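Undergrad: Here it is, the structure in full.
The values are calculated or read from the model by the stated rules, or taken from the named source; none is laboratory data. Here the structure is a predicted model, which means the values were calculated and not measured. We place every Cβ from the backbone using ideal geometry, glycine too, and count neighbours over all the protein chains shown.
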Amino acid sequence: MPSSQHAEIRPEPGRLLPIRTVARLTGVNPITLRAWERRYNLITPKRTPKGHRLYTEGDIQLIQQVLDLLDQGVAISQVKPLLGQAAGERAAAPARGPGEVWKHYQQQILEAIEGFDEFTLDKIYNEALSLYPVDIVSQGLITPVLRILGENWQRSETGIAEEHFFSVYLRNKLGTRLHHINQHGNASLLLLACLPGEFHEIGLLLFALAAIDLGYRVLVLGANTPLQQLPGVLEKRRCNGIVLSCSYRPSRGILVNDLPELVNSVGVPVFVGGNAAATRQDKIEAAGAIYLGEVRFGSLKKLGDTLSRQQR
């Protein structure tokens with residue numbers, strides 16, 4: 001994610017913000033913000049008499065610097081000495097190359113999967129998720145591991161079983177988190193579904209988790225959803241936008257026929273994202289939908305800006 005996507009966010013000068021608002025502005029969930037404070041002393045927010053954290057504009061800018069460094073591949077444990085340095089000084093610092101900080105996590109995860117060790121798998125994943133924003137964990141850990149398992153399943157006697165084991169673990173893990181933290185009230189509600197023929201829903205669930213961290217509510221329909229049925233869902237449940245997942249190449253008819261019909265029949269923005277969406281961006285936009293990209297804070301900011309314009 002380009003650092004400029006972080007730099008655009010600024011609270012009003014002099015205003016103190018609670019941790020939930022900071023999470024929405026920066027894409028860093030409260031658990032991770034607390035870990036950065038307690039374990040690495042990166043941020044020192046002010047406190048109310050009852051002990052609630054309050055963040056200044058300077059704190060927001062500091063969080064943005066941390067995110068920029070993490071995007072460059074710097075480990076969270078190596079961030080503090082680099083904060084406050086000029087870009088040229090940071091470039092000359094002995095930071096690891098992009099992706100290097102994730103190789104250890106990836107190896108640990110793969111060893112746990114090979115041993116069908118759910119306890120260790122859960123421990124590693126929880127540790128990563130407590131220290132890094134969900135979109136960085138998705139890009140640096142989950143997506144590469146899924147790719148490696150997909151490439152190696154024929155080389156191992158238990159390769160298919162390993163891939164299924166990890167997929168089921170992720171589906172259950174993400175589904176449980178979504179169930180417990182999905183917010184109620186008046187927050188914007190997103191309808192999330194995979195395109196017809198798309199049976200890989202992990203990317204959609206990761207997006208749902210990132211969206212919830214930023215204050216959205218989600219209604220997840222999951223894999224292989226007929227687009228013709230979505231208008232009926234919106235008649236029964238008012239949603240502010242539709243997000244469709246496209247991890248593999250969809251059939252031509254879906255983007256040329258079904259997607260334009262959906263866009264024309266609903267009164268809310270329709271977004272399409274996922275690994276395969278980039279190669280179909282022209283058809284997505286020709287259908288009247290909005291190309292969203294992958295699970296990243298920048299894509300959620302684009303979604304939020306679109307919804308804000310629609311609600312004015």
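Undergrad: Mind telling me which of the residues Gly197, Gly215 ends up being part of a loop (DSSP other than H, G, I, E, B), under 25 Å from Lys301 (Cα atoms) and assigned by TED's automatic domain parsing to the domain that holds Tyr291?
TA: Step by step, each of Gly197, Gly215 is checked, and only Gly215 is part of a loop (DSSP other than H, G, I, E, B), under 25 Å from Lys301 (Cα atoms) and assigned by TED's automatic domain parsing to the domain that holds Tyr291.
Undergrad: Quick check on this structure: which one of Gly232, Gly222 is free of Cβ contacts under 8 Å to residues at least 40 places away in the same chain, of a type outside the set (D, E, K, R) and in contact with a Cys (Cβ under 8 Å, 6 or more places away or on another chain)?
TA: Just a single option satisfies the conditions, and that option is Gly222.
Undergrad: Could you grab me the full set of residues in the range 250-282 that are in a loop (DSSP other than H, G, I, E, B) and surrounded by 14 or more Cβ atoms within 10 Å (Cβ to Cβ)?
TA: If the condition is that a residue be in a loop (DSSP other than H, G, I, E, B) and surrounded by 14 or more Cβ atoms within 10 Å (Cβ to Cβ), then Pro250, Val266, Val268, Pro269, Gly274, Asn275, Ala276, Ala277 are the ones that fit.
Undergrad: Related question: Checking Gly222 against (1) over 15 Å from Leu303 (Cβ atoms); (2) more than 17 Å from the chain's Cα centre (by Cα): exactly one of these is not met. Which one?
TA: Here Gly222 clears every test but (2).
Undergrad: Let me ask something else. Give me the residue from the range 1-41 that is more than 22 Å from Gln139 (Cβ to Cβ) and among the polar types (S, T, N, Q) and, out of that set, modelled with the highest pLDDT.
TA: Ranking the candidates gives Asn41 first.
Undergrad: For Leu221, are the conditions met, namely being out of contact with any helix residue (DSSP H, G or I) (no Cβ under 6 Å at 6 or more places or on another chain) and either acidic (Asp, Glu) or outside any helix (DSSP H, G or I) (or both)?
TA: Judged against the criteria, Leu221 is a match.
Undergrad: Could I ask something else about it? Identify the residue in the range 259-304 that is basic (Lys, Arg) and within 30 Å of Val22 (Cα to Cα) and, among all such residues, is modelled with the lowest pLDDT.
TA: Arg296
Undergrad: Tell me, which residue of the range 241-268 that is more than 25 Å from the chain's Cα centre (by Cα) and polar (S, T, N, Q) is nearest to Glu294 (Cα to Cα)?
TA: Out of the qualifying residues, it is Ser251.
Undergrad: Does Arg147 qualify as being within 22 Å of Arg217 (Cα to Cα), without any contact (Cβ under 8 Å) to a residue 60 or more places away in the chain and assigned to a helix (DSSP H, G or I)?
TA: Against the criterion (within 22 Å of Arg217 (Cα to Cα), without any contact (Cβ under 8 Å) to a residue 60 or more places away in the chain and assigned to a helix (DSSP H, G or I)), Arg147 does not qualify.
Undergrad: Continuing with this model, one more query. For Ser156, work out the one condition from (1) in a helix (DSSP H, G or I); (2) among the small types (Gly, Ala, Ser); (3) over 29 Å from Gln65 (Cβ atoms) it doesn't fulfil.
TA: Among (1) in a helix (DSSP H, G or I); (2) among the small types (Gly, Ala, Ser); (3) over 29 Å from Gln65 (Cβ atoms), the lone unmet condition for Ser156 is (1).
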